[in-house]
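Data block below; observations after.
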Amino acid sequence: MENLGAFYDAQDAASGAVSANKELLEIGKILYHGGNIENGVPACASCHGPTGSGVPPHYPMLAGQHAEYTLVQLNLFNTGDRSNDDGVMKKVLTRMSGEQKRAVSEYIQGMPLTK
């Protein structure tokens, strides 16, 4: 397992494809970096970092994660089917619309990766 971990750690990750929908990306960028004060949604960056690199072990790296995967995970947190975060994500996600979740997922996919 250590060798396997070392192998994957040595790999260069690549950002995902950037969505062609510029409006959606702008909404995602605003939500990721600034949140939504009207709905009480904090910025994703406040926990996952401004570059999406995360703060291990508590906040995972998000940058470059596939949009569909991220959206599924957000919805699982929202419904309570994923609950490995002491309810933090559910509190946030119950205040976000489906379009906002999609937007932030698309933005995260195109974020450049940094180690």
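The values are calculated or read from the model by the stated rules, or taken from the named source; none is laboratory data. This one's a predicted model, so the numbers in the text were calculated from it and none came from an experiment. We place every Cβ from the backbone using ideal geometry, glycine too, and count neighbours over all the protein chains shown. Calculation scope for accessible area: heavy atoms of the full protein, side chains included, ligands and nucleic acids excluded. Shrake-Rupley method; radii C 1.70, N 1.55, O 1.52, S 1.80 Å.
The residues 1, 89, 96, 61, sorted by heavy-atom accessible surface at 1.4 Å with ligands and nucleic acids left out, run 1, 61, 89, 96 from largest to smallest. Principal-axis analysis of the Cα atoms of the chain puts helix 67-79 at an angle of about 60° to the longest axis. The listed residues 76, 31, once ranked by accessible area (1.4 Å probe) with the largest placed first, stand as 76, 31.
In this structure the amide hydrogen of residue 41, modeled in the peptide plane, comes within under 5 Å of the amide hydrogens of 36, none closer than 5 places in sequence on its chain. Here Kirkwood radius over Cα pairs in Å was computed from the coordinates, and among [x] 14.1; [y] 15.3; [z] 14.6 the match is [z]. Under the convention that each Lys and Arg Cβ holds +1 and each Asp and Glu Cβ holds -1, the size of the dipole of the stretch 1-69 around its Cα centre is about 160 debye.
The distance separating the Cα centre of the stretch 41-91 from that of the stretch 1-31 comes to 13 Å.
Dipole orientation for the stretch 23-115: of the candidates 57, 44, 88, 57 has the Cα lying most toward the positive pole (charges on Cβ; Lys, Arg +1; Asp, Glu -1).
Roughly what % of Cα-Cα distances in the stretch 33-90 sit above 17 Å, to the whole percent?
On the way: 731 of 1653 pairs.
Roughly 44 percent, rounded to a whole number.
Applying 0.36 nm per residue to the separation of residue 1 and residue 37 and subtracting their alpha-carbon distance, the gain on full extension is 8.6 nm.
Sorted by accessible area (1.4 Å probe), largest first, how do 102, 95 line up?
Details: 102 65, 95 105 Å².
The ordering from most to least exposed comes out as 95, 102.
Between the Cα long axis of helix 22-34 and the first principal axis of the chain there is an angle of about 80°, rounded to the nearest 10.
Assuming R0 = 22 Å, can you tell me the calculated FRET efficiency for the pair residue 76 and residue 99, based on Cβ-Cβ distance, to the nearest 0.05? Present the calculation step by step, with values, prior to reporting the outcome.
Values: r = 18 Å, r/R0 = 0.82.
Calculated transfer efficiency: 0.75.
The alpha-carbon of residue 22 sits under 15 angstrom from the alpha-carbons of these aspartates and glutamates, leaving out residues fewer than 8 places away in its chain: 99, 106. Note on residue 18 and residue 90: their simple-model spin labels are 3.7 nm apart, each label 7 Å out from Cα toward Cβ.
Put a plus charge on the Cβ of each Lys and Arg, a minus charge on the Cβ of each Asp and Glu, and nothing anywhere else: the dipole of the chain about its Cα centre is then about 240 debye.
Give me the accessible area per residue for the stretch 1-58, probe 1.4 Å, as a whole number in Å². Kindly include the intermediate steps, with their values, before the conclusion.
Working: 4140 Å² over 58 residues.
Dividing the accessible area of the stretch 1-58 by its residue count gives 71 Å².
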